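S.K.: I am attaching a structure below and will ask some questions about it afterwards.
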Amino acid sequence: MDFILGEILAFDKPYKWTSFDVVGKVRWLLCRKLGVKKLKVGHTGTLDPLATGVVVVCTGKKTKLIDQLQQHVKEYIAVLQLGATTPSFDLEKEVDYTYPTEHITSALIEEVIPTFLGEQWQIPPMFSAVKIDGKRAYKLARQGEEVDLQPKLLMIDAIDVLDFNKELMQLKIRVVCSKGTYIRALARDIGKALNSGAHLIELRRTRVGDIRVEDCLNIQDFEKMLDAISDTEDNNL
């Protein structure tokens with residue numbers, strides 16, 4: 001493998017790591033192994049810290065492909081908690097409002113979910129990396145400032161109900177969507193469509209383009225792989 005000329009790597013991001021944490025760890029491991037001070041490393045799409053799953057990382061000259069790779073469709077498995085919302089639309093913040101759920105049935109869910117297929121206008125979450133006048137929205141939101149986010153057009157290619165636990169009021173769905181789709185915002189919108197509220201309690205990115213999570217490396221395995229490469233092979237990295 002030639003990490004300076006460029007490689008495309010896929011990692012299963014750990015829970016509570018940021019995508020930048022993955023990039024930083026990969027860069028540090030490679031610089032240490034190659035004996036260089038600098039190496040271009042970047043990822044092809046941010047995954048929230050509270051989510052796990054596929055993060056694609058490019059090294060060296062392959063970082064030029066990042067914009068192209070970002071266009072690939074993505075697949076997620078998400079679990080929504082119905083009947084309550086949080087300011088961040090996930091577990092980062094505490095519940096701020098609760099809503100009735102007695103009217104929510106499997107039949108209602110099966111009626112509502114297909115309405116999210118196809119082109120959708122979606123307002124990003126306040127706690128997101130969207131830039132407003134050069135500043136990240138999440139930084140403004142955490143400072144208590146009002147955040148005016150404009151809706152963005154996106155595509156949801158598939159959305160399926162995998163499970164509905166009526167006792168816990170938890171809904172598990174599979175989503176295949178375009179770049180720029182916020183599953184947290186989708187959870188918010190599904191809650192509204194059910195005449196209730198919802199927030200995301202679990203999220204796993206299972207595919208980016210043709211790369212599936214079961215084929216991804218974890219950071220520990222990558223480190224062991226590099227350590228197993230003999231010094232004589234280093235020149236071929």
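A short reminder: the numbers here are calculations on the coordinates, not readings from a lab. Small disclaimer: the values here were computed from a predicted structure and weren't measured. With ideal geometry, Cβ positions are generated from the backbone for all residues, glycine too; neighbour counts draw on all protein chains shown.
S.K.: Can you order the peptides 24-33, 64-73 by their average number of other Cβ atoms within 10 Å per residue, highest first?
M.R.: Working: 24-33: 17.1, 64-73: 14.1.
The most tightly packed comes first, giving 24-33, 64-73.
S.K.: So what does log10 I(q)/I(0) come out to for region 74-208 at q = 0.17, 0.21 Å⁻¹, using the Debye formula with one equal point on every Cα and no solvent?
M.R.: Rounded to two decimals, the profile gives -0.91, -1.32.
S.K.: The chain: percent of C-alpha pairs farther apart than 31 Å? Don't skip to the answer; put the middle values down first.
M.R.: On the way: 8261 of 27966 pairs.
When all Cα pairs of the chain are counted, 30 percent exceed 31 Å.
S.K.: Go ahead and run the numbers for FRET between K224 and E102, Cβ-Cβ distance against an R0 of 45 Å, rounding to 0.05. Intermediate values should be presented prior to the final figure.
M.R.: Working: r = 52 Å, r/R0 = 1.15.
Step by step, r from the Cβ atoms, then E = 0.30.
S.K.: DSSP beta bridges in the chain, what fraction antiparallel, as a percent rounded to 5? If you can, show how the numbers build up before the last one.
M.R.: Working: 45 of 48 bridges.
So the antiparallel bridges amount to about 95 percent of the total.
S.K.: Hey, another quick one. In what order do W121, W17 fall by count of nearby beta-carbon atoms within 10 Å, going from fewest to most?
M.R.: Values: W121 10, W17 19.
So the ranking, lowest neighbour count to highest, is W121, W17.
S.K.: So if I place +1 on the C-beta of Lys and Arg and -1 on the C-beta of Asp and Glu, and nothing else carries charge, what would the dipole magnitude of the chain be about its Cα centre? I want it in debye, nearest 20. Before the final figure, lay out the partial values.
M.R.: Values: 32 positive and 34 negative charges, 194 e Å.
Its charge dipole is roughly 940 debye.
S.K.: Hey, what D do you get for region 50-124 in µm²/s if you plug the Kirkwood alpha-carbon radius into Stokes-Einstein at 20 °C and 1.002 mPa s?
M.R.: After rounding, the answer is 131 µm²/s.
S.K.: Please give the length that would be gained between L34 and L91 if that part of the chain were fully extended, namely 0.36 nm times their separation in residues minus their C-alpha to C-alpha distance (nm, one decimal). Each step should come with its number before you reach the end.
M.R.: On the way: separation 57, 0.36 × 57 = 20.52 nm, distance 3.91 nm.
Gain in length upon complete extension: 16.6 nm.
S.K.: Something else now. Among I183, G83, I8, which residue has its Cα furthest toward the positive end of the charge dipole of the chain, with +1 on Lys/Arg Cβ and -1 on Asp/Glu Cβ?
M.R.: Of the candidates, I8 comes out farthest on the positive side.
S.K.: So, one more: Could you give the C-alpha radius of gyration of region 1-135 expressed as a fraction of 2.2 N^0.38 Å, taking N as the number of residues it contains?
M.R.: On the way: Rg = 19.3 Å, N = 135, 2.2 N^0.38 = 14.2 Å.
With N residues counted in region 1-135, Rg over 2.2 N^0.38 Å equals 1.36.
S.K.: With runs of 4+ DSSP H residues as the only contributors, calculate the mean residue ellipticity of the chain at 222 nm using -39,500 (n - 2.57) per run, divided by the residue total and rounded to the nearest 500. Spell out each step's value before the answer.
M.R.: Working: 6 runs with 54 residues, N = 237.
Estimated from H runs of four or more residues: -6500 deg cm²/dmol.
S.K.: When a/c reaches 1.5 or more, the comparison of a/b and b/c decides; with that in mind, is region 1-45 rounded, prolate or oblate per its Cα gyration tensor?
M.R.: Values: a/c = 2.24, a/b = 1.61, b/c = 1.39.
Since a/c reaches 1.5 and a/b is larger than b/c, the shape of region 1-45 is classed as prolate.
S.K.: Hey, rough spin-label estimate for Q70 and E119, points 7 angstrom out along Cα→Cβ, what's it come to in nanometres?
M.R.: Each label point lies 7 Å from its Cα, and together they span 2.2 nm.
S.K.: In nm, what is the difference between 0.36 nm times the number of residues separating E111 and R174 and their Cα-Cα distance? Kindly include the intermediate steps, with their values, before the conclusion.
M.R.: On the way: separation 63, 0.36 × 63 = 22.68 nm, distance 1.58 nm.
Net length gain for the segment: 21.1 nm.
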